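Report on the following structure.
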Amino acid sequence: TYIHLESMKAVEIEKKTYSKVVLATKIKVQTEQAFSTTYILESLVNDYPNCYIFKLDLGSENDYTWLGASPELLVNFSNGIVHASSLASSAPRGENPTEDIKLGQELLTNQKELLEHDLVVQTTQETLERLCTYIEVPQQPELLKMPNIQHLHTPITGTAKENVDLLDFLQNLHPTPAVGGWPKEEAIDAIRRLENFDRGWYAGPIGWVNYDGEGEFAVALRSALV
């Protein structure tokens with residue numbers, strides 16, 4: 001099914017319906033014993049210390065728990081300063097330091113991966129320019145290394161305009177091209193047509209906000225509904 005959807009996506013890209021769309025898949029795992037969400041959370045904290053670890057219990061008849069470890073900051077806003085993260089394009093980690101450095105350098109020079117990453121950077125930059133009086137964008141991406149994968153990463157910082165708060169940034173930044181596509185509306189339409197399931201909270205913003213309109217949200221990736 002996924003290969004068929006990817007073929008349909010390729011056809012629509014050829015027709016210039018959109019430039020990029022990110023399709024998700026869903027895997028269902030069932031065991032004889034109940035999952036320990038506390039144990040899972042502890043494992044995520046130990047294995048992915050640089051990620052945003054989240055766990056949300058949903059009180060209902062079925063006792064749902066949403067948890068995960070996301071590497072991607074969507075937005076952090078405090079004292080008028082906003083931080084956003086452009087995270088796109090990836091490569092595996094090496095089995096030894098030499099191979100790891102080689103894979104990282106190949107990722108930093110791969111034109112296809114750089115173009116994909118630059119699309120996210122440009123979109124985030126244009127969004128923040130509308131909401132900020134000043135922004136700072138590095139010229140080149142850096143490597144963000146996780147235990148099992150490495151990504152191209154460009155952190156962006158800005159000074160917010162007056163009366164702009166965290167929810168303004170959330171509304172305009174989500175979904176980024178890294179989890180949706182570009183142009184945004186066309187990509188969202190393609191996701192609704194081509195994906196054969198409801199994403200629920202997957203790839204949505206998860207975080208906190210205070211009474212002053214400040215807070216921090218990550219993109220709910222690498223997650224599971226238990």
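Structure summary
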item	result
Heavy-atom accessible area per residue - the chain, 1.4 Å, Å²	60
Rounded to the nearest 10 Å², the accessible area of PHE217 at probe 1.4 Å	30
When each of LYS16/LYS112; LYS15/LYS145; LYS112/LYS184 is checked by Cα-Cα distance, pairs over 26 Å	LYS15/LYS145
Accessible area of LYS112 in the full protein assembly, 1.4 Å probe (Å², nearest 10)	120
Computed FRET value (nearest 0.05) for ALA24 with ASN79, which takes r as the C-beta separation and R₀ as 25 Å	0.10
Gyration tensor (alpha-carbon) shape descriptor, region 52-126, a/c threshold 1.5	oblate
Top of LEU56, LEU152, LEU166 by mean-square fluctuation, Gaussian network on the chain, Cα under 10 Å	LEU56
Gain on full stretching of the segment that runs from LYS161 to LYS55 - 0.36 nm per residue minus C-alpha separation	34.9 nm
Highest average packing first - 118-124, 92-98, Cβ atoms within 10 Å	118-124, 92-98
For region 98-139: rounded, prolate or oblate by the Cα gyration tensor [a/c cutoff 1.5]	prolate
Helix-only CD estimate at 222 nm, as mean residue ellipticity for the chain, using -39500 (n - 2.57) per DSSP H run (n ≥ 4)	-11000 deg cm²/dmol
Potential extension, GLU216-THR31 segment - 0.36 nm per residue separation minus Cα distance	63.2 nm
Long-range HN-HN contacts of ARG93 with modeled amide H, under 5 Å	ILE149, GLN150
Extension gain from VAL45 to GLN122, taking 0.36 nm per residue of separation minus the Cα-Cα distance	24.5 nm
Solvent-accessible area, 1.4 Å probe, carbon plus sulfur percent, for the chain	51
Calculated FRET value between GLN139 and ARG93, using beta carbons and R₀ = 22 Å, to 0.05	0.30
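The values are calculated or read from the model by the stated rules, or taken from the named source; none is laboratory data. Values in this document were obtained by computation on a predicted structure and should not be read as measured data. Note that we place each Cβ from the backbone using ideal geometry, even for glycine, and neighbour counts take in every protein chain shown. Keep in mind that these areas ignore ligands, DNA and RNA; they rest on the heavy atoms of the full protein, side chains included. Shrake-Rupley method; radii C 1.70, N 1.55, O 1.52, S 1.80 Å.
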